Amino acid sequence: MNYIKLLFLNTLYHFLRCRLLKSLAALIITLFLCTLDVSGQANGFLEVYGSVLQSGKGLAGAEIKVMKGNEMADQLFTNASGKFIVNLDLQSNYVLVFSKNGSISKSIELNTMVPERLQDVMFSYKFKVDLFPKPEGEEQPAEASKPVAMIGYDERYEDFNYDTNYTEARKAELEEVKQQMAVKLEQEKQELAIAAAKAEAALAAVREKARQDSIKVAEEARLLALAKAREDSIAQARENERLRLIAEEEARKVAEAEARVQAEARAKAEADSLAAAAEAARIARVEEEKRQKAVADSIAAAQEAERLAMIEAEKQARLEEQKRQKAIADSIAAAEELSRLAKIEAEKRQRAIADSISAAQEADRLAKIEADRLARVEAEKRQKAVADSIAAVQEAARLARIEEEKRQKAAADSLAAVQEAERLARIEAERLATIEAEKRQKAAADSIAAVREAERQAAIQAELERKKLEEEERARKAEEQRLKLAAELRAKFVADSTAKADEAARLLAMEAEKERLRKEAEEKRLADIQAQKDAFAKANAATKENNPSPTETNIPVTEDKDYPEGISEETIKEASRTIYKTVIIKSSDKDVFLKVVYNWGGVYYFKNNSSMSQSSFDSELKRLKKIVEGG
């Protein structure tokens, strides 16, 4: 009930704070306080509602240290909107230090000393703090070390207020610091812009160098391929020239061999012709001697001579025929292309035959004259014999002409065969030259294709390198963005969690303040406990219905037993939590410690229904146990 009264009192006090109703408000509060049981009085506190701003917007995640003397009494962080709530005990001096990375830290001095009559009142005060940014690495200016404001209880307003003169003086100093920081921030921004431009230029230079290197590599590959193609072409041309020289040397050797064979054939033919002429002359001489002997001896001798001449003529014809056939065979085997020499040889042979015929005719004429002179009777026979001899020689000449025609035809065929062979050789040489030219063209085309392929590969490699650099740059920017987002989310989470925890702590502190008022008789306390149970159950149901949250906590209400003097401990298990209860009784003093562990992981600490931190809980429980056990 006292809690409800205090709540009503606080509301009424703030409602009546205007200057015209101050006296009336103080009177009503005094009268209202008189209605409360003195044994149930509790200490008042100052509830501070604050906002931390930067550039006119709420600054999330700003750190707030509550210093009480040289000790840190509390530490909290602003929520996503830059707001915070903290409760300060009355009759104390505090310094609130506000800080955030990249910002100038500020502090506010809070004196919570109030008149004795208002020590049980719950005050509240609102203010805003602007943390302006500073360059990274910049030291905290000495001008910003002093508190920016001094807040204390003002008798004129019967409420907390700030020292306007001090604040205005500090505001001018801080405005100068703010301008200095703005200039430095602008310089830092320009330096960052210059550094970014330099980095971009360096990156562009690296990319350009990579591109130039790729082009250089491609050009070198192209030049190497061209050089190799030229070397291959030169080597191929040299090889072709070597093969051509070898072919010409072989052709020259073949031509020389053929010339030697032809010369030998010509020499042999000339020797054979000379031998035939010499043989014909010898035969003519022998015939002349025989004819002379025949003319000198008798007609019989002449007849015998004629017979022998005919026999010799036939023998000579056979020998001449054999020699002619041998000469033809040798001429064909030695050089088929020497038809001209064969014709010359044939003409020589014809002249030899004509000479032989002339010699025979001359011998016949002489024999006829001698026969006419010796015996006319035998003239006809001799003439007939001569005619037969002439007919035989003519037949031999005819046969020789036929053989010569055959030889000429064979020589012509041989020449045609040689010409055909030369034509085929020429066609083959042209075919080989064409194939060689196609090979050279293909080699040149392959070399050009290789150069183009090398250029294409180099271009592909350069493109891949460029894409790789772009991908690495995108990955780096994405990683920076991810880290920045993670930091922002982490800061937001911390700020939200801190604000929620502060709100819960504030509510618990208010609940604890209510419980401190319950220092009445046992019957009244039990009745109040039952009333509180009903009120808590109703409040919890309404709270969970409106805004269910796993972080909601209520001051646990446990069954009050008659505990013996000393230390009593028990564990109470409920559906959603476990309560570890320690009761310490010494003389007429009784202290109840509760440690509440929720299934979702939350842990809260209470002493005599007042919320407290774990460190305070542990130290207070340890202290009282030591007192009781030390007796």
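The values are calculated or read from the model by the stated rules, or taken from the named source; none is laboratory data. What you see is a predicted model; the values in this text were computed from it and never measured. In this analysis, Cβ positions are derived from the backbone assuming ideal geometry, glycine residues included, and neighbour counts consider all displayed protein chains. Surface accessibility is based on the protein's heavy atoms, side chains included, excluding ligands, DNA and RNA. Shrake-Rupley method; radii C 1.70, N 1.55, O 1.52, S 1.80 Å.
Taking the condition touching a Leu at 6+ places or on another chain (Cβ under 7 Å), touching a residue at least 60 places away in the same chain (Cβ under 8 Å) and open to solvent by 70 Å² or more (accessible area, probe 1.4 Å), does Arg291 pass?
Working: touching a Leu at 6+ places or on another chain (Cβ under 7 Å): yes; touching a residue at least 60 places away in the same chain (Cβ under 8 Å): yes; open to solvent by 70 Å² or more (accessible area, probe 1.4 Å): no.
Judged against the criteria, Arg291 is not a match.
Please give the number of the condition Arg230 fails out of (1) over 30 Å from Lys468 (Cβ atoms); (2) open to solvent by less than 60 Å² (accessible area, probe 1.4 Å).
(2)
So if I check each of Gly50, Gly58, Gly152, which one is of a type outside the set (S, T, N, Q) and open to solvent by 20 Å² or more (accessible area, probe 1.4 Å)?
Details: Gly50 fails: open to solvent by 20 Å² or more (accessible area, probe 1.4 Å); Gly152 fails: open to solvent by 20 Å² or more (accessible area, probe 1.4 Å).
Gly58 is the lone residue from the list that is of a type outside the set (S, T, N, Q) and open to solvent by 20 Å² or more (accessible area, probe 1.4 Å).
Is it the case that some residue within the range 268-288 is surrounded by 12 or more Cβ atoms within 10 Å (Cβ to Cβ), of a type in the set (S, T, N, Q) and modelled with pLDDT under 80?
Yes, the range 268-288 contains a residue that is surrounded by 12 or more Cβ atoms within 10 Å (Cβ to Cβ), of a type in the set (S, T, N, Q) and modelled with pLDDT under 80.
If only one of Ser124, Ser92, Ser105, Ser99 is touching a residue at least 60 places away in the same chain (Cβ under 8 Å) and open to solvent by less than 40 Å² (accessible area, probe 1.4 Å), which one is it?
On the way: Ser92 fails: touching a residue at least 60 places away in the same chain (Cβ under 8 Å); Ser105 fails: touching a residue at least 60 places away in the same chain (Cβ under 8 Å); Ser99 fails: touching a residue at least 60 places away in the same chain (Cβ under 8 Å).
Matching residue, one of Ser124, Ser92, Ser105, Ser99: Ser124.
Taking the residues in the range 186-220 that are modelled with pLDDT of 80 or more, closer than 30 Å to Lys442 by Cα and surrounded by 13 or more Cβ atoms within 10 Å (Cβ to Cβ) as candidates, determine which candidate is farthest from the chain's Cα centre (by Cα).
My answer is Glu219.
Looking at the range 351-365, which of its residues are modelled with pLDDT of 75 or more and either within 30 Å of Ala412 (Cβ to Cβ) or surrounded by 15 or more Cβ atoms within 10 Å (Cβ to Cβ) (or both)?
Arg351, Asp355
Can you tell me which residue is nearest to Glu513 (Cα to Cα) among those in the range 578-611 that are in a strand (DSSP E or B) and touching a residue at least 60 places away in the same chain (Cβ under 8 Å)?
For the range 578-611, the residue satisfying everything is Ser610.
Inside the range 103-129, can you point out the residues that are of a type in the set (Gly, Ala, Ser) and either touching a Leu at 6+ places or on another chain (Cβ under 7 Å) or part of a strand (DSSP E or B) (or both)?
Of everything in the range 103-129, those that are of a type in the set (Gly, Ala, Ser) and either touching a Leu at 6+ places or on another chain (Cβ under 7 Å) or part of a strand (DSSP E or B) (or both) turn out to be Ser103, Ser107, Ser124.
I'd like to verify a number: residues in the range 460-490 that are among the hydrophobic types (A, V, I, L, M, F, W, C) and either under 30 Å from Glu219 (Cα atoms) or within 15 Å of the chain's Cα centre (by Cα) (or both), how many?
Of all residues in the range 460-490, those among the hydrophobic types (A, V, I, L, M, F, W, C) come to 460, 462, 464, 469, 475, 478, 483, 485-487, 489.
Next cut, either under 30 Å from Glu219 (Cα atoms) or within 15 Å of the chain's Cα centre (by Cα) (or both) only: 460, 462, 464, 469, 475.
Residues flagged as among the hydrophobic types (A, V, I, L, M, F, W, C) and either under 30 Å from Glu219 (Cα atoms) or within 15 Å of the chain's Cα centre (by Cα) (or both) within the range 460-490 amount to 5.
If I go through the range 156-185 residue by residue, how many of them are over 23 Å from Asn87 (Cβ atoms) and either of a type in the set (Ser, Thr, Tyr) or open to solvent by 90 Å² or more (accessible area, probe 1.4 Å) (or both)?
9
If the requirement is being closer than 22 Å to Ala301 by Cβ and either surrounded by 15 or more Cβ atoms within 10 Å (Cβ to Cβ) or modelled with pLDDT of 80 or more (or both), which of these qualifies: Ala371, Ala429, Ala437, Ala449?
Checking each option against the conditions leaves just Ala371.
Enumerate the pairs (first residue in the range 448-459 and farther than 17 Å from Arg230 by Cβ; second residue anywhere and β-branched (Val, Ile, Thr) and surrounded by 13 or more Cβ atoms within 10 Å (Cβ to Cβ)) with beta-carbon separation below 7 Å, excluding pairs fewer than 6 apart on the same chain, so at least 6 apart or on different chains.
Ala458/Val217
How many of the residues in the range 460-478 are in contact (Cβ under 8 Å) with a residue 12 or more places away in the chain, open to solvent by 60 Å² or more (accessible area, probe 1.4 Å) and either not polar (S, T, N, Q) or not in a helix (DSSP H, G or I) (or both)?
Number of matching residues: 2.
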